[in-house]
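Step one of this worksheet: look at the structure below.
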Amino acid sequence: MQNKKIIIAIDGYSSTGKSTIAKMLAERLGYIYVDTGAMYRAISLFAKRNGWIDEDHFDKEMLIRGLENAHLDFVFNEQAGFAEMYLNGENVEKDIRTMDISNLVSRVAAVPEVRQKLVAYQKAMGRKKGLVMDGRDIGTVVFPDAELKLFLTASPEIRARRRYKEMHEKNEKTTFEEVYENVVMRDRLDTSRKDSPLVMAADAIKIDNSELKKDEQFELILDIVKKKLKEVDA
């Protein structure tokens with residue numbers, strides 16, 4: 001499709017389908033896909049397992065001291081068709097997708113030392129280009145010079161509905177009310193944190209997918225990508 005490879009940064013609110021669209025784009029383009037949310041979830045799991053965080057308390061200092069002992073890796077799973085998250089050599093892909101971790105991750109992601117560690121790792125992964133990365137601050141902090149920046153949004157209720165359906169299909173016990181409260185809470189924490197809050201980059205393309213089906217959104221974004229690649233190759 002093109003000669004030059006670019007970095008595609010996808011930011012946006014929780015449960016807007018960032019990871020899904022990023023995986024689809026990476027597969028179509030032959031690019032590397034990086035799920036930065038999985039990295040923050042893995043650190044949240046690491047903190048939880050060490051007893052440093054739960055719903056009622058958070059010992060940030062202990063987490064900061066222990067960060068050097070948290071080693072993250074993405075290992076490609078041929079059957080699944082994407083790279084899975086490994087924490088200290090253990091596949092934690094399923095463990096990090098629970099509602100329990102969802103309720104902790106925004107607080108962990110707000111810790112500057114955690115962000116510094118993971119952003120450095122993310123920046124290193126983008127040196128060779130040909131990368132699709134999604135998260136909260138990819139276009140503003142990790143890759144401010146990314147050739148293409150997308151910002152996904154949708155109403156909180158629609159995002160909660162999608163997330164609840166996804167969890168229900170995985171037989172995870174929760175209620176719609178719990179999922180909705182989690183979505184609203186994460187929005188508040190993500191946009192109000194002092195270090196790298198969730199904001200749309202000035203040069204990002206905003207896509208409200210509230211009324212879009214997955215395939216419709218993919219075709220819309222793929223068209224945007226193709227136009228950008230033509231510009232880069234020109």
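The table that follows gives values for the structure above.
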{"read-out": "Looking only at the range 20-36, and only at residues there that are touching an Asp or Glu at 6+ places or on another chain (Cβ under 9 Å) and crowded, with 21+ Cβ neighbours inside 10 Å, the one that is farthest from Phe74 (Cα to Cα)", "value": "Ile21"}
{"read-out": "Scan of the range 177-224 for residues that are of a type in the set (Val, Ile, Thr), within 18 Å of Gly135 (Cβ to Cβ) and buried (at least 17 other Cβ atoms within 10 Å of the Cβ), ordered by number", "value": "Val183, Ile207, Ile221"}
{"read-out": "Candidates Arg163, Arg159, filtered to the one that is under 26 Å from Asp203 (Cβ atoms), touching a helix residue (DSSP H, G or I) at 6+ places or on another chain (Cβ under 7 Å) and in a helix (DSSP H, G or I)", "value": "Arg159"}
{"read-out": "Residue in the range 173-196 that is in a loop (DSSP other than H, G, I, E, B), more than 15 Å from Arg107 (Cβ to Cβ), in contact (Cβ under 8 Å) with a residue 60 or more places away in the chain and out of contact with any strand residue (DSSP E or B) (no Cβ under 6 Å at 6 or more places or on another chain) present", "value": "yes"}
{"read-out": "Members of the range 41-54 found to be crowded, with 24+ Cβ neighbours inside 10 Å and either in contact (Cβ under 8 Å) with a residue 60 or more places away in the chain or not hydrophobic (A, V, I, L, M, F, W, C) (or both), listed by number", "value": "Arg41, Ile43, Ser44, Ala47"}
{"read-out": "Counted residues, the range 80-110 - those being in contact (Cβ under 8 Å) with a residue 60 or more places away in the chain, in a loop (DSSP other than H, G, I, E, B) and not small (Gly, Ala, Ser)", "value": "1"}
{"read-out": "Per-region count, the range 58-80, residues within 30 Å of Met24 (Cα to Cα) and either touching an Asp or Glu at 6+ places or on another chain (Cβ under 6 Å) or surrounded by 11 or more Cβ atoms within 10 Å (Cβ to Cβ) (or both)", "value": "8"}
{"read-out": "Those helices (runs of 4 or more DSSP H) lying entirely in the range 1-78 with at least 3 residues under 19 Å from Leu131 (Cβ atoms)", "value": "18-29, 36-49"}
{"read-out": "Filter result (closer than 27 Å to Arg188 by Cβ and free of Cβ contacts under 8 Å to residues at least 24 places away in the same chain) within the range 122-166", "value": "Glu157, Arg161, Tyr164, Lys165, Glu166"}
{"read-out": "Some residue of the range 167-180 being in contact with a helix residue (DSSP H, G or I) (Cβ under 7 Å, 6 or more places away or on another chain) and closer than 15 Å to Met39 by Cβ", "value": "no"}
{"read-out": "Residue in the range 119-129 that is modelled with pLDDT under 95, of a type in the set (Lys, Arg) and buried (at least 18 other Cβ atoms within 10 Å of the Cβ) present", "value": "no"}
{"read-out": "Some residue of the range 212-226 being in contact with a helix residue (DSSP H, G or I) (Cβ under 7 Å, 6 or more places away or on another chain), of a type in the set (Asp, Glu) and either in a loop (DSSP other than H, G, I, E, B) or over 24 Å from Lys4 (Cβ atoms) (or both)", "value": "no"}
{"read-out": "Which listed residue is at pLDDT 90 or above, at positive phi and among the polar types (S, T, N, Q), from Asn88, Asn50, Asn69, Asn103", "value": "Asn88"}
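Yes/no per residue for (1) surrounded by fewer than 24 Cβ atoms within 10 Å (Cβ to Cβ); (2) without any contact (Cβ under 8 Å) to a residue 40 or more places away in the chain; (3) over 22 Å from Asp215 (Cα atoms); (4) out of contact with any His (no Cβ under 6 Å at 6 or more places or on another chain):
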residue	(1), (2), (3), (4)
Ala9	no, no, no, yes
Ser14	yes, no, no, yes
Lys18	no, no, no, yes
Asp56	yes, yes, yes, yes
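The values are calculated or read from the model by the stated rules, or taken from the named source; none is laboratory data. None of these values were measured; they are calculated from a predicted model. Ideal geometry is used to build each Cβ from the backbone, glycine not excepted, and the neighbour counts take in all protein chains shown.
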